[in-house]
1. Going by what's in this entry, would ARG295 be described as farther than 25 Å from GLY432 by Cα and open to solvent by 20 Å² or more (accessible area, probe 1.4 Å)?
2. Condition first: of a type outside the set (Ser, Thr, Tyr), open to solvent by less than 20 Å² (accessible area, probe 1.4 Å), over 23 Å from PHE334 (Cα atoms) and assigned to a loop (DSSP other than H, G, I, E, B). Can you find one or more residues in the range 144-160 that meet it?
3. Any residue at all in the range 282-290 that is modelled with pLDDT of 95 or more and within 17 Å of ILE124 (Cβ to Cβ)?
4. Hey, can you tell me all the residues within the range 356-374 that are open to solvent by 20 Å² or more (accessible area, probe 1.4 Å), touching a Phe, Trp or Tyr at 6+ places or on another chain (Cβ under 7 Å) and of a type outside the set (Asp, Glu)?
5. Quick one: which of THR286, THR245, THR227 is closer than 28 Å to VAL400 by Cα and of a type in the set (S, T, N, Q)?
6. Looking at the range 382-406, which of its residues are open to solvent by 60 Å² or more (accessible area, probe 1.4 Å) and either free of Cβ contacts under 8 Å to residues at least 12 places away in the same chain or touching a strand residue (DSSP E or B) at 6+ places or on another chain (Cβ under 7 Å) (or both)?
7. Kindly indicate the residue of the range 261-283 that is touching a strand residue (DSSP E or B) at 6+ places or on another chain (Cβ under 6 Å) and not in a strand (DSSP E or B) and also farthest from ASN233 (Cα to Cα) among those meeting that condition.
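The values are calculated or read from the model by the stated rules, or taken from the named source; none is laboratory data. Because the structure is predicted, anything quoted here is derived from the model rather than measured. Note that we place each Cβ from the backbone using ideal geometry, even for glycine, and neighbour counts take in every protein chain shown. Accessible surface is based on the protein model in full, side chains and every heavy atom, while ligands, DNA and RNA are left aside. Shrake-Rupley method; radii C 1.70, N 1.55, O 1.52, S 1.80 Å.
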Amino acid sequence: MRIKELVKSITLGALVLSSIILTVLIWDFSPDVANVDNEPTKEVNKAIGPSFEAEINQVIAPFQLVDVNGTMVEGMPATSEVNHLTDVFNKQHIKKVVYIENDQSLMLRDLSDHFLVLDYPTDIPLSMYLSDTLDVQAKVPSQFKFDRLLYDIDATDHLVLYAIDSERHRSVKMMTSVKGENVKQQLKPLKTAMRPYMNISTNEDTINKATYIYAQKEPQNLKTYRTIFNHINVEDLNAILFDDTPIVRTTKSGNTIYNNNTGVVNYDADKKTYHYTNLSEDEHSTRDMNISIPRTFDYINEHGGFTDDFRLFQSNDQQGLITYQMFLNGRPIFYPNQLNQIHVSWGERGIYEYSRGLLKTNVTIDNGKKPKKLPALEDVRASLASNNTIDFRKVEQLVVGYRMVSQKGPDDRLEIQENSQFEPTWYIKHAGTWYEYDDGELIEQ
């Protein structure tokens, strides 16, 4: 009996002791919050399209490719397949750089008889293009800009790259580690899409194979496309550009103004245009395109702003303004209302101004009509040269693009959603400005 009582006492004592120990442990316990504090907060991505979808070599891209092989000249609009020519620079480098300058028309004495011409719509800083687009490092003149690249694929076993400025007086010659045969292999699948091109000269600066203006000889079998658009939501853009909910007010003209302490937006519901100004940024935007172009590209790409095939089309370092323009099938689209463009300028720390059309293509189809044939290049050249109101010496480019046509509905408003078409048309770059060509006349966009 005593033994049984002793066992009970020992068991009870053990239970009391364990209870005391557990109580003390609970009082002293503090949760480990180190992982909680350091856990990154996931931001909801504010976007109007798929973020980071655009590749920089598809946005900072040419508008045409021309293959000059002796007397044979062929070319094509710069489709996405053409833009992948830059893939040949993957893991390659530039071995030597030579600066070339001529007082008169540029002479490239070492240029072979087989080379490719890539023409760009605007001036591009070479150092930025090499580092950001080609991912190649080279010591080149920091302020040198180009609007034409030549890929010399027959001069040596390796590709020689020439960047030529818009005045056709200066060039940077770059000897690369890229094998010329690799470029030819990239070129092969493109040959079936190429058509006869020809060269023309408009002044004393465009008088040789490196500096000629190249354009399609006889554009024909060009389809017209019908497009149905989706609308970009204004509130989605406001969420990207404003830190908090803006004040909304309507002007007498019917425009809607959104504003807060840091920014203001002017939204035109009829024209489907949107213009934002960042009041927290300096009044003057950055003029250095080495900075502005990559930063504006990253910013727009981050929120899915390249909703269509947009490409760098104009860089104005006097105003700090950059324009990205819509393309279709490698050809630029023109429209007077700027629905086809994104205008942006970079401030000291971020976006200063941002404007765009609020439409993005949903479906683009052949309209089923008979393909168009445009005037031959020689006829266009002759009519421009004989027009006394046009200074033919200032013609810089001739290219087939698309005119965006929106018919009017019964209430005299543009039925953009239902009746927009892209019609092939000649466009002329004259004295830095693009014009529609119409029977010998230049029509401002």
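1. No; evaluated as a whole, the condition is false for this residue.
2. Scanning the range 144-160 turns up at least one residue that is of a type outside the set (Ser, Thr, Tyr), open to solvent by less than 20 Å² (accessible area, probe 1.4 Å), over 23 Å from PHE334 (Cα atoms) and assigned to a loop (DSSP other than H, G, I, E, B).
3. Within the range 282-290, none of the residues are modelled with pLDDT of 95 or more and within 17 Å of ILE124 (Cβ to Cβ).
4. Hits for the range 356-374 are LYS360, THR361, ASN362, THR364, ILE365, ASN367.
5. THR227
6. Hits for the range 382-406 are ASN388, THR389, LYS394, GLU396, ARG403.
7. GLU281
Residues are listed down the side, and each one gets a yes or a no for (1) of a type in the set (Asp, Glu); (2) within 22 Å of THR262 (Cβ to Cβ):
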site: ARG311; (1), (2): no, no
site: ILE322; (1), (2): no, yes
site: ILE333; (1), (2): no, no
site: PRO336; (1), (2): no, no
site: HIS343; (1), (2): no, yes
site: ILE351; (1), (2): no, yes
site: ARG356; (1), (2): no, yes
site: LYS360; (1), (2): no, no
site: ASP366; (1), (2): yes, no
